[in-house]
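The values are calculated or read from the model by the stated rules, or taken from the named source; none is laboratory data. The model shown is predicted, which means the values in this text are computed figures rather than measured ones. Neighbour counts run over all protein chains shown; Cβ positions are idealised from the backbone, glycine included.
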Amino acid sequence: YSHISLPGSPIDFSLDDFIILPKHFTHSEQEFLLNQSSKKLKREFGKQVVYQEDHFDGVIFGYRECHASHWGEDEDKVMEIFHKKVYNLFPEITNWLPAHILDLSESGGIQAHIDHVEYSGNIVAGVCLSSSAVMFLRHQDNSQFYFSVLLEPGCLYIQRDTIRYKFTHEIPVDQAEHMFKGELIPKARRISLLFRNEYEDVHDEWVL
Ligand code: AKG
């Protein structure tokens with residue numbers, strides 16, 4: 001974490017509920033997953049890359065997204081990576097929703113939000129590809145209480161339990177806000193894969 005600000009922090013969460021594993025995916029895994037995600041997006045939206053200005057609930061800007069439960073001819077290889085690098089880090093009985101592919105344009109961003117609580121369970125795991133971004137996580141009842149993390153290509157990050165339910169997360173639209181340890185992190189097009197478990201599929205016997 002680059003920054004942890006503690007004024008008047010509510011003590012109803014555990015920082016253990018945010019985990020980041022830098023360089024978790026090899027370069028070839030990153031390249032492969034990026035190609036697979038691009039293929040999926042192309043199939044969904046056509047060859048031309050046109051970003052949506054904003055989301056129906058006004059949270060995401062400059063983006064395209066889709067969900068993927070099948071990966072065509074490379075299904076086995078994709079699944080092998082998902083199992084080895086994502087699913088294996090969680091209890092075996094976890095029921096995963098289809099992977100969510102999010103493509104953010106260079107000028108895109110995500111406003112502070114908590115993922116819909118009726119849509120998915122207590123795990124949100126993100127695979128970061130293609131470029132770095134700074135994410136801010138803020139307590140829902142006290143936005144002065146926050147921390148920021150650097151999401152570099154190849155990392156896996158996990159929000160679970162208290163961080164998933166009590167903290168908003170955001171990726172600022174504004175380039176100037178992408179500061180990490182005093183350094184400006186250049187914004188560029190970024191693709192992420194999000195893994196969520198099913199609603200009411202709540203486990204607390206963590207492997208990590
Ligand atoms: C969301 O889909 O709710 C996100 O906040 C995506 C975060 C990311 O791209 O890592």
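Listed values, structure above:
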read-out	value
Residue within the stretch 180-190 that is touching a Phe, Trp or Tyr at 6+ places or on another chain (Cβ under 9 Å) and either over 21 Å from Phe61 (Cα atoms) or surrounded by 15 or more Cβ atoms within 10 Å (Cβ to Cβ) (or both) present	no
Checklist (1) under 20 Å from Ser132 (Cβ atoms); (2) among the aliphatic types (A, V, I, L, M); (3) modelled with pLDDT under 95 applied to Leu21, failing item	(3)
Count - residues of the stretch 101-112 that are under 21 Å from Lys39 (Cα atoms) and surrounded by fewer than 18 Cβ atoms within 10 Å (Cβ to Cβ)	1
Scan of the stretch 92-104 for residues that are more than 9 Å from the ligand (Cβ to nearest atom) and either charged (D, E, K, R) or in a strand (DSSP E or B) (or both), ordered by number	Glu92, Trp96, Ala99, Ile101, Asp103
Pairs where the first residue, in the stretch 135-151, is closer than 19 Å to Asp12 by Cβ and among the acidic types (Asp, Glu) and the second is away from the ligand (no atom under 15 Å from the Cβ) and at pLDDT below 95, C-beta under 6 Å, 6+ apart	Asp141/Pro10
Checklist (1) in contact (Cβ under 8 Å) with a residue 40 or more places away in the chain; (2) farther than 30 Å from Asn142 by Cβ applied to Asn35, failing item	(1)
Hits in the stretch 52-89 (condition: over 20 Å from Gly154 (Cα atoms), within 16 Å of the ligand (Cβ to nearest atom) and not in a strand (DSSP E or B))	His55, Phe56, Asp57, Gly58, Val59
Odd one out for Ser38 among (1) of a type in the set (S, T, N, Q); (2) within 16 Å of the ligand (Cβ to nearest atom); (3) over 19 Å from the mean Cα position of the chain (by Cα)	(3)
Residues of the stretch 105-129 satisfying the condition of being within 9 Å of the ligand (Cβ to nearest atom) and assigned to a strand (DSSP E or B)	Ile110, His113, Val124, Gly126, Val127, Cys128
Counted residues, the stretch 139-179 - those being within 13 Å of the ligand (Cβ to nearest atom), under 18 Å from Asp17 (Cβ atoms) and surrounded by 19 or more Cβ atoms within 10 Å (Cβ to Cβ)	12
